[in-house]
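Colleague: Starting off with a structure, shown below.
The values are calculated or read from the model by the stated rules, or taken from the named source; none is laboratory data. Remember, predicted model here, so these are calculated numbers, not experimental data. Don't worry about glycine lacking a Cβ; one is built from the backbone with ideal geometry, like all the others, and counts go over all protein chains shown. Ligands, DNA and RNA are excluded from the accessible area calculation, which covers all protein heavy atoms including side chains. Shrake-Rupley method; radii C 1.70, N 1.55, O 1.52, S 1.80 Å.
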Amino acid sequence: IMAAFLLETVPAFPFVALVVSGGHTNLYRVDGFTEMALLGRSRDDAAGEAFDKVARLLGLPFPGGPVIDRISEGANEHAIDFPRAVMKNQSLDFSFSGLKTAVRNRATGDGLAHGAAANVETSTAVRDLVASFQRTVVETLVDTTLRACRRERVTTVLVSGGVACNRRLRRAFVEAAGVNGLTVFMPSPRFTTDNAAMIAAAGFLHFERGDFAPLDVNADPNWKLGV
């Protein structure tokens, strides 16, 4: 989230932040540098994790996100109509396990699983399959974020995390922002994957506030962001 404050023009509070990476698919309402409320999260695989698992299933290189992004360009992303998880009670949570299973079943049925396709990165069948998978993930992320904006009555969106490098996702958010009257901020790819830069941004904001940790502070991998 703090990667947004490495931009020349920074978002004004409040905004809805989608943090989407290999480990996280979380939505937050952000009212200040330390005022964040969790709105939704993945109940199973994170979006980036789903990209990696689909790539591995098809025999594509790791990490899966960049290669799927690359070979999906120009492919038929409407070739396969994959299912999208629908959460109950207007929940803003995400789930990608069902989509992952649908991809595995389709790939197995088409003889594409486990790298079986010849010239896997140029195979039309593989490219159409991953493009259809990618479209489904992107539509899920964008639609859920838009619902969060409507519910919270917020018109500014931040998209960050490693999956925010995905070109299809970035185009979709720009298009959605124009249609829905939103302002969207997306840090450049070098600030969505460079952890040192993001940590420095967060640290500097705390430094400016005079918010220092004691010398006996310990790392805690289970710290939660937002309540």
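Colleague: Output the relative contact order of the chain, whole-number percent, from Cα pairs under 8 angstrom with separation of 6+ residues.
Modeller: 27
Colleague: Probe radius 1.4 Å, ligands and nucleic acids ignored: give me the carbon and sulfur share of the accessible area of the stretch 173-227 as a rounded percent.
Modeller: Values: 2530 of 4190 Å².
Carbon with sulfur: 60 percent of the solvent-accessible area.
Colleague: Could I ask something else about it? Sort the following peptides by mean Cβ neighbour count (other Cβ atoms within 10 Å, averaged over residues), highest first: 199-212, 176-189, 50-63.
Modeller: Numbers: 199-212: 12.1, 176-189: 16.2, 50-63: 19.8.
Going from most to least packed, we get 50-63, 176-189, 199-212.
Colleague: Next up: Among the DSSP beta bridges whose two residues both lie in the chain, what percent are antiparallel, rounded to the nearest 5? Write down the numbers at each step before the final one.
Modeller: Numbers: 12 of 20 bridges.
Percent antiparallel among DSSP bridges in the chain is about 60.
Colleague: Counting pairs of alpha carbon atoms under 8 Å apart in space and at least six apart in sequence, what relative contact order in percent does the stretch 63-189 give?
Modeller: Values: 131 pairs, mean separation 37.1, N = 127.
Once normalised by length, the contact order is 29 percent.
Colleague: Alpha carbons only, please: Rg and Dmax for the stretch 1-44, in angstrom.
Modeller: For the stretch 1-44, the Cα radius of gyration and maximum Cα-Cα distance read 11.0, 35 Å.
Colleague: If each DSSP helix of 4+ residues adds -39,500 (n - 2.57) and the sum is divided by the residues in the chain, what number results at 222 nm, nearest 500 deg cm²/dmol? Don't skip to the end; give the middle numbers.
Modeller: Details: 7 runs with 95 residues, N = 227.
The helix contribution divided over the chain gives -13500 deg cm²/dmol.
Colleague: Mind telling me which of Ala213, Ala148, Ala125 comes out most flexible in a GNM of the chain, alpha-carbon contacts under 10 Å?
Modeller: Result for the chain, Cα springs under 10 Å: Ala213 fluctuates most.
Colleague: Moving to a separate point now. If you fit an axis through the alpha-carbon atoms of helix 124-152 and take the longest principal axis of the Cα set of the chain, what angle between them do you get, 0 to 90°, nearest 10?
Modeller: Tilt of helix 124-152: around 30 degrees.
Colleague: Here is a follow-up. Hey, what angle do you get for helix 47-58 against the long axis of the chain, alpha-carbon based, 0 to 90 degrees rounded to 10?
Modeller: The angle comes out near 20 degrees.
Colleague: Further question on the same structure: Give the accessible surface of the chain per residue, rounded to a whole number of Å², with probe radius 1.4 Å and ligands, DNA and RNA excluded. If you can, show how the numbers build up before the last one.
Modeller: On the way: 11740 Å² over 227 residues.
Counting only protein heavy atoms, the per-residue value for the chain is 52 Å².
Colleague: Carbon and sulfur: what percent of the stretch 61-155's accessible surface (1.4 Å probe)?
Modeller: Numbers: 2300 of 4770 Å².
Result for the stretch 61-155: 48 percent of the exposed heavy-atom area is carbon or sulfur.
Colleague: In a solvent-free Debye calculation with one equal scatterer on each Cα, what is log10 I(q)/I(0) for the stretch 87-179 at q = 0.13, 0.19 Å⁻¹, listed in the order of the q values?
Modeller: Treating every Cα as an identical point scatterer, log10 I(q)/I(0) equals -0.57, -0.98.
Colleague: Identify the trypsin sites (Lys or Arg not before Pro) of the stretch 64-152 meeting these criteria: DSSP loop state and at most 11 other C-beta atoms within 10 Å of the C-beta.
Modeller: Numbers: sites: Arg70, Arg84, Lys88, Lys100, Arg104, Arg106, Arg127, Arg135, Arg147, Arg150, Arg151; in loops: Arg84, Lys88.
Of the trypsin sites (Lys or Arg not before Pro), the ones in loops of the stretch 64-152 whose Cβ has at most 11 other Cβ atoms within 10 Å are Lys88.
Colleague: Could you work out the relative contact order of the stretch 126-227? I mean the mean sequence separation of Cα pairs under 8 Å and 6+ apart, divided by the number of residues, in percent.
Modeller: Computed over the stretch 126-227, the figure is 23 percent.
Colleague: Something else now. Compute the projected area of the convex hull of the Cα atoms of the chain, averaged over all viewing directions, and report it in nm² to one decimal place.
Modeller: With the hull built on Cα positions only, its mean projection is 13.4 nm².
Colleague: When a/c reaches 1.5 or more, the comparison of a/b and b/c decides; with that in mind, is the stretch 16-130 rounded, prolate or oblate per its Cα gyration tensor? List each step's numbers first, then the result.
Modeller: Working: a/c = 2.64, a/b = 2.00, b/c = 1.32.
Cα axes put the stretch 16-130 in the prolate bin.
Colleague: Would the stretch 148-208 count as rounded, prolate or oblate if I go by the C-alpha gyration tensor, calling it rounded below 1.5 in a/c and otherwise prolate when a/b exceeds b/c, oblate otherwise? Numbers along the way, then the final one.
Modeller: Details: a/c = 3.17, a/b = 1.49, b/c = 2.13.
Oblate is the answer for the stretch 148-208, as a/c is 1.5 or above yet b/c matches or exceeds a/b.
Colleague: Right, something else. Cut-off 10 angstrom, C-alpha nodes, Gaussian network model of the chain. Which of Gly74, Gly65, Gly22 fluctuates the most?
Modeller: Highest fluctuation of the listed residues: Gly74.
Colleague: Roughly what angle does helix 167-180 make with the longest principal axis of the chain, taking Cα atoms, 0 to 90 degrees, to the nearest 10?
Modeller: 60
Colleague: OK, next. Mind telling me which of Val174, Val16, Val126 comes out most flexible in a GNM of the chain, alpha-carbon contacts under 10 Å?
Modeller: Between Val174, Val16, Val126, it is Val174 that shows the largest mean-square fluctuation.
Colleague: Here is a follow-up. Using a Cα-Cα cut-off of under 24 Å, which lysines could be cross-linked to Lys53, ignoring same-chain neighbours fewer than 8 residues away?
Modeller: Lys100
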